[in-house]
Number of protein chains: 2
Amino acid sequence: MKKKQEHKPFEISTSLIDVIVGDIESKNDLSLQKQFNEFHYADIAEILDELDLEQATYVIKLLDSVKTSDILSELDEDVREKILQNLSTKEIAQEVKELDTDDAADLLLELPPERKQKVIAQIDDKELVADIEELLEYDEKTAGSLMAKELVKVYETWTVAGCLRKIRNQAENVKRVHSIYVVDKKEKLIGRLSLKDLLIAKNETKISDIYIPKVDSVHVAYNDEDVAKVMAKYDLEAVPVVDDNKTLLGRITIDDIVDVIKEEAEKDYQLAAGITQDVDSEDGIFALTRARLPWLFLGLIGGVGAAAIMFNFDTIINDYPLILLFTPLIAAMAGNVGVQSSAIIVQGLANDEIKGSINNRLLKEMLLSALNGVILALFLFLFLWIWQDNFQTALAVSVSLIVVVIVAGIIGTFIPLLLHRKKIDPAIATGPFITTSNDIFGILIYFLITKFILNI
Amino acid sequence: MKKKQEHKPFEISTSLIDVIVGDIESKNDLSLQKQFNEFHYADIAEILDELDLEQATYVIKLLDSVKTSDILSELDEDVREKILQNLSTKEIAQEVKELDTDDAADLLLELPPERKQKVIAQIDDKELVADIEELLEYDEKTAGSLMAKELVKVYETWTVAGCLRKIRNQAENVKRVHSIYVVDKKEKLIGRLSLKDLLIAKNETKISDIYIPKVDSVHVAYNDEDVAKVMAKYDLEAVPVVDDNKTLLGRITIDDIVDVIKEEAEKDYQLAAGITQDVDSEDGIFALTRARLPWLFLGLIGGVGAAAIMFNFDTIINDYPLILLFTPLIAAMAGNVGVQSSAIIVQGLANDEIKGSINNRLLKEMLLSALNGVILALFLFLFLWIWQDNFQTALAVSVSLIVVVIVAGIIGTFIPLLLHRKKIDPAIATGPFITTSNDIFGILIYFLITKFILNI
């Protein structure tokens with residue numbers, strides 16, 4: 001579990017922040033420019049996240065828009081929103097022009113509609129405006145909304161020499177050349193060309209003779225998780241985006257997909273922990289309460305429900321109160337098993353590993369839970385028998401544990417599979433949802449079995 | 001929550017598997033080769049994961065090692081292990097030779113030591129053997145173990161023309177050219193060159209005049225999570241690996257890092273759900289029991305501990321058994337709040353968002369929990385008062401709920417921060433660990449407060 005400490009990446013120190021705040025307050029622009037020149041834009045964004053709004057705005061206005069546009073893209077959403085409010089539409093237009101079209105569209109999407117239109121009106125490059133407006137049309141979380149229009153495209157009829165000439169022009173607008181996409185005269189994607197192949201080929205060779213006709217692509221309507229799956233599975237660093245006619249529309253790069261994968265994992269993690277998505281530790285108390293309280297309320301209702309069930313077993317309450325000492329144990333085990341089995345199903349579904357029939361899956365979980373339940377119950381039985389010297393109580397608690405563990409495992413397996421089949425995100429079935437329902441079921445089973453064994 | 005269904009990536013169908021199994025059984029090699037020729041190696045790996053061992057081995061022996069080496073790299077670890085047992089050391093050496101050095105080292109690491117040596121002895125390319133043996137030396141989960149030796153490297157003294165000639169040679173061993181690394185005559189990394197820049201530059205230009213001296217790199221001893229952080233933060237598709245003297249040792253590509261990010265997220269998710277890492281839904285019942293049982297045992301001990309605590313409050317058990325009906329509620333709320341607060345800290349730590357003092361963090365969580373606790377307790381109090389018409393019980397349960405929620409929030413915040421400071425993975429503090437300890441604390445607090453309020 002120990003981590004190596006000797007070699008760690010660069011981190012923003014508080015002393016660095018202090019120096020920068022000092023320079024801002026004394027308006028020491030030269031020193032600021034010199035320092036920020038040394039930093040990567042992602043590091044500057046991290047620094048700005050630590051400053052207050054006025055200081056951050058000061059830095060943004062001080063630096064060149066080539067750099068600030070990238071910084072803006074990397075900032076925390078709420079910090080960016082506030083800084084953008086402090087900039088004029090002309091200043092924002094300046095930033096937008098420097099960005100790749102995908103980042104430009106993302107930035108514009110965060111502005112109020114009227115302001116967005118004003119910013120777009122300030123951009124004189126008509127082609128760029130058309131590209132951005134196209135990207136703004138696509139639904140959120142689709143391949144269309146993720147892609148950029150910048151790419152290097154060649155026609156199959158070109159020669160290698162012509163191709164190199166054109167690429168030199170196109171490449172100026174493209175930060176990194178991943179792949180060269182080959183299209184026919186109808187703009188239909190028919191293959192790709194690696195820069196490597198182009199370097200090796202002779203000048204007069206026709207592209208149609210050297211391109212690779214196998215090219216992975218994603219449909220513009222794919223959702224972002226599917227794009228992530230395709231790129232991760234086929235180890236792609238960039239993927240072209242096409243429509244129904246295979247017309248080449250844009251390309252998605254892996255760095256955007258890394259963000260999708262991280263966000264997806266964070267969302268599932270938070271759901272499993274009973275937190276509504278999209279909060280982080282730096283959010284305010286009210287935002288965090290909004291994210292946490294509904295799930296706690298669910299737990300509260302579950303607890304009251306469990307109490308109401310027990311309330312109906314008055315013989316047990318009055319004559320065998322010792323039985324009540326083990327309700328937290330039964331409820332906790334039901335919850336734990338439920339969370340374990342649902343988590344493994346949710347993860348399997350996310351990785352497309354779940355194959356075969358639901359019945360087989362339930363049978364497997366039943367055997368697994370039964371095995372776990374029997375082992376646990378055996379220990380519990382021996383312990384209780386020795387501790388309390390009461391065979392019947394020990395038997396009631398232990399037998400209940402076995403049954404409860406099996407039922408909890410089945411519920412934890414079945415609910416996410418059912419949700420998935422109904423096209424609902426199975427991740428909501430993990431965490432408080434499964435714990436609460438298993439608590440109630442577990443206690444009901446416990447009291448019914450106890451009543452039977454104690455013969456009351 | 002609904003997902004779009006119209007446009008989805010290709011998936012292996014059961015009918016396709018049936019066709020392939022039929023062809024294997026009738027030894028229809030031609031049809032098999034034709035079909036597999038159409039598929040990406042990642043898809044073939046998925047198909048082989050569905051076949052039984054003999055069928056999968058048959059396919060591996062049938063196909064060319066250029067393709068099978070990549071297929072082997074993509075297979076599930078347990079399937080690969082079994083197939084490798086069915087191959088001779090000579091056959092394995094053939095596969096290893098086709099792989100990039102990083103994948104070759106990973107494959108060799110899975111073999112028993114003696115077999116590994118035999119395979120290496122079968123490889124005639126001495127340089128390749130030296131590269132692989134170097135990679136086998138690095139500790140698991142470090143940049144060294146992730147990197148490949150294949151890269152395109154130029155010396156600052158070369159000209160563009162000489163460079164292009166050398167690159168053509170080097171590039172044959174490199175699947176994708178990401179960046180060209182520039183080194184001085186001592187092999188020290190001094191910068192990089194983009195293929196784009198090389199295409200634009202004149203033939204006689206010296207590399208030292210056109211290279212970009214700013215180049216991100218990672219130290220060979222960085223752990224894999226730090227490499228992932230650097231690459232994600234700076235949007236890198238490949239990163240050079242260096243030692244203390246900045247000597248260029250290898251390069252890591254983003255596709256390997258995507259796997260690290262996914263594995264890391266899965267590990268944290270499983271820990272939060274009480275599953276020891278490295279199992280999936282397709283593993284056998286015994287592997288899954290090994291992963292799940294220890295955490296359940298922890299829960300069992302917690303439940304017995306809670307019962308033992310309650311056992312000491314005999315006045316409550318005998319005279320106020322109704323109080324016992326709410327122990328599952330108190331325990332569940334303590335567990336839920338603990339999981340919420342620990343998850344948000346663990347996620348914040350993973351994203352380097354946790355700044356400032358532990359005290360401030362605990363104060364914030366205290367205010368947050370107090371707010372949540374008071375809201376929940378108010379509802380609970382009103383409900384219990386109306387239902388049971390017993391002011392004292394309602395008061396005891398509600399006041400306890402507030403205190404328990406606050407304490408659970410503080411424990412859930414403090415433990416992961418403490419573990420992180422002690423250089424232990426804070427993710428183990430989520431899930432059953434936090435639930436179990438909060439159950440016990442919660443019930444103890446509940447009974448103490450009740451005893452005080454009921455004045456017994």
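Looking only at region B:6-34, which residues are assigned to a loop (DSSP other than H, G, I, E, B) and more than 14 Å from every other protein chain (Cβ to nearest Cβ)?
In the first step, residues of region B:6-34 are kept if they are assigned to a loop (DSSP other than H, G, I, E, B); the result is B:6-13, B:26-28.
The answer is B:S26, B:K27, B:N28.
Is it fair to say B:D389 is closer than 25 Å to A:Q270 by Cβ and either acidic (D, E) or crowded, with 20+ Cβ neighbours inside 10 Å (or both)? Let's see the steps before the verdict.
Details: closer than 25 Å to A:Q270 by Cβ: no; either acidic (D, E) or crowded, with 20+ Cβ neighbours inside 10 Å (or both): yes.
Against the criterion (closer than 25 Å to A:Q270 by Cβ and either acidic (D, E) or crowded, with 20+ Cβ neighbours inside 10 Å (or both)), B:D389 does not qualify.
Testing A:S341 on (1) touching a residue at least 60 places away in the same chain (Cβ under 8 Å); (2) among the hydroxyl-bearing types (S, T, Y); (3) outside the structural domain of A:G409 (by TED's automatic domain parsing), one condition comes back false. Which one is that?
The number of the failed condition is (3).
Among the candidates A:T253, A:T247, which residue alone is within 11 Å of chain B (Cβ to nearest Cβ), farther than 26 Å from B:I358 by Cα and at pLDDT 90 or above? First the steps, then the outcome.
Values: A:T247 fails: within 11 Å of chain B (Cβ to nearest Cβ).
Result of the check over A:T253, A:T247: A:T253.
Pull up region B:66-82, narrow it to residues that are surrounded by fewer than 21 Cβ atoms within 10 Å (Cβ to Cβ) and of a type in the set (V, I, T), then point me to the one that is nearest to B:D278 (Cα to Cα).
Filtering region B:66-82 for residues that are surrounded by fewer than 21 Cβ atoms within 10 Å (Cβ to Cβ) and of a type in the set (V, I, T), the one nearest to B:D278 (Cα to Cα) comes out as B:V79.
Every residue, every condition in (1) surrounded by fewer than 24 Cβ atoms within 10 Å (Cβ to Cβ); (2) more than 12 Å from every other protein chain (Cβ to nearest Cβ), yes or no:
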{"position": "A:F414", "(1), (2)": "yes, yes"}
{"position": "A:L419", "(1), (2)": "yes, no"}
{"position": "A:K422", "(1), (2)": "yes, no"}
{"position": "A:T435", "(1), (2)": "no, no"}
{"position": "A:N438", "(1), (2)": "no, no"}
{"position": "A:L444", "(1), (2)": "yes, no"}
{"position": "A:I453", "(1), (2)": "yes, yes"}
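Just give me the residues in region B:298-317 being surrounded by fewer than 21 Cβ atoms within 10 Å (Cβ to Cβ) and more than 7 Å from chain A (Cβ to nearest Cβ), in sequence order.
Once the filter is applied, which keeps residues that are surrounded by fewer than 21 Cβ atoms within 10 Å (Cβ to Cβ) and more than 7 Å from chain A (Cβ to nearest Cβ), region B:298-317 yields B:L298, B:I301, B:G305, B:A308, B:I309, B:N312, B:D314, B:T315.
How many residues are buried (at least 18 other Cβ atoms within 10 Å of the Cβ) and either modelled with pLDDT of 90 or more or farther than 30 Å from B:V260 by Cβ (or both) if we restrict to region A:178-189?
Within region A:178-189, residues that are buried (at least 18 other Cβ atoms within 10 Å of the Cβ) and either modelled with pLDDT of 90 or more or farther than 30 Å from B:V260 by Cβ (or both) number 4.
Can you say whether B:G409 is in contact (Cβ under 8 Å) with a residue 40 or more places away in the chain, more than 9 Å from chain A (Cβ to nearest Cβ), under 38 Å from the mean Cα position of the chain (by Cα) and closer than 30 Å to A:I345 by Cβ, as far as the supplied structure shows? I'd like the intermediate steps shown before the answer.
Values: in contact (Cβ under 8 Å) with a residue 40 or more places away in the chain: yes; more than 9 Å from chain A (Cβ to nearest Cβ): yes; under 38 Å from the mean Cα position of the chain (by Cα): yes; closer than 30 Å to A:I345 by Cβ: yes.
Yes; evaluated as a whole, the condition is true for this residue.
Residues that are basic (K, R) and either modelled with pLDDT of 90 or more or under 30 Å from A:K355 (Cα atoms) (or both): list the helices (runs of 4 or more DSSP H) wholly contained in region B:269-351 that include at least 1 such residues. Spell out the reasoning first.
Details: elements: B:285-311, B:314-319, B:321-324, B:327-350.
Helices (runs of 4 or more DSSP H) meeting the threshold: B:285-311.
Could you run through region A:319-350 and say how many residues are of a type in the set (S, T, N, Q) and at the interface with chain B (Cβ under 7 Å from one of its Cβ atoms)?
Taking region A:319-350 first, the residues of a type in the set (S, T, N, Q) are A:327, A:336, A:340-342, A:347.
Filter again for at the interface with chain B (Cβ under 7 Å from one of its Cβ atoms), leaving A:327, A:336, A:340, A:347.
Result for region A:319-350: 4.
Mind checking which residues of region A:256-281 are under 16 Å from B:Q340 (Cβ atoms) and at the interface with chain B (Cβ under 9 Å from one of its Cβ atoms)? Spell out the reasoning first.
Of the residues in region A:256-281, the ones under 16 Å from B:Q340 (Cβ atoms) are A:266-281.
Once the filter is applied, which keeps residues that are under 16 Å from B:Q340 (Cβ atoms) and at the interface with chain B (Cβ under 9 Å from one of its Cβ atoms), region A:256-281 yields A:E266, A:D268, A:Y269, A:Q270, A:A272, A:A273, A:G274, A:I275, A:V279, A:D280, A:S281.
Give the number of residues within region A:57-88 that are more than 16 Å from A:I47 (Cα to Cα) and free of Cβ contacts under 8 Å to residues at least 24 places away in the same chain.
We begin by selecting, within region A:57-88, every residue more than 16 Å from A:I47 (Cα to Cα); these are A:64-66, A:81, A:84-88.
Keeping just the survivors that are free of Cβ contacts under 8 Å to residues at least 24 places away in the same chain gives A:64, A:85, A:88.
Of the residues in that region, 3 qualify.
Of a type in the set (A, V, I, L, M), touching a residue at least 60 places away in the same chain (Cβ under 8 Å) and closer than 30 Å to A:K188 by Cβ - does that describe any residue in region A:259-276? Working first, answer last.
If we filter region A:259-276 for residues that are of a type in the set (A, V, I, L, M), which is where we start, we get A:260-261, A:265, A:271-273, A:275.
If we keep only those that are touching a residue at least 60 places away in the same chain (Cβ under 8 Å) as well, we get A:260, A:271-273.
Imposing the further condition that a residue be closer than 30 Å to A:K188 by Cβ reduces the set to A:260.
Yes, region A:259-276 has at least one match.
Would you tally the residues in region A:278-292 being without any contact (Cβ under 8 Å) to a residue 12 or more places away in the chain and either touching a Ser or Thr at 6+ places or on another chain (Cβ under 6 Å) or of a type in the set (S, T, N, Q) (or both)?
Number satisfying all stated conditions: 2.
Does region B:115-144 hold any residues that are more than 16 Å from B:V96 (Cα to Cα) and surrounded by 15 or more Cβ atoms within 10 Å (Cβ to Cβ), and which are they?
The initial filter retains those residues of region B:115-144 that are more than 16 Å from B:V96 (Cα to Cα), namely B:137-144.
Selection gives B:Y138, B:K141, B:T142, B:A143, B:G144.
Kindly indicate whether A:L329 is within 24 Å of A:L418 (Cβ to Cβ) and more than 29 Å from the chain's Cα centre (by Cα). I'd like the intermediate steps shown before the answer.
Values: within 24 Å of A:L418 (Cβ to Cβ): no; more than 29 Å from the chain's Cα centre (by Cα): yes.
The answer is no for A:L329.
The values are calculated or read from the model by the stated rules, or taken from the named source; none is laboratory data. Given the structure is predicted, the values throughout are model-derived calculations rather than measurements. FYI the Cβ positions are ideal-geometry reconstructions off the backbone, even for glycines, and counts take in every protein chain you see.
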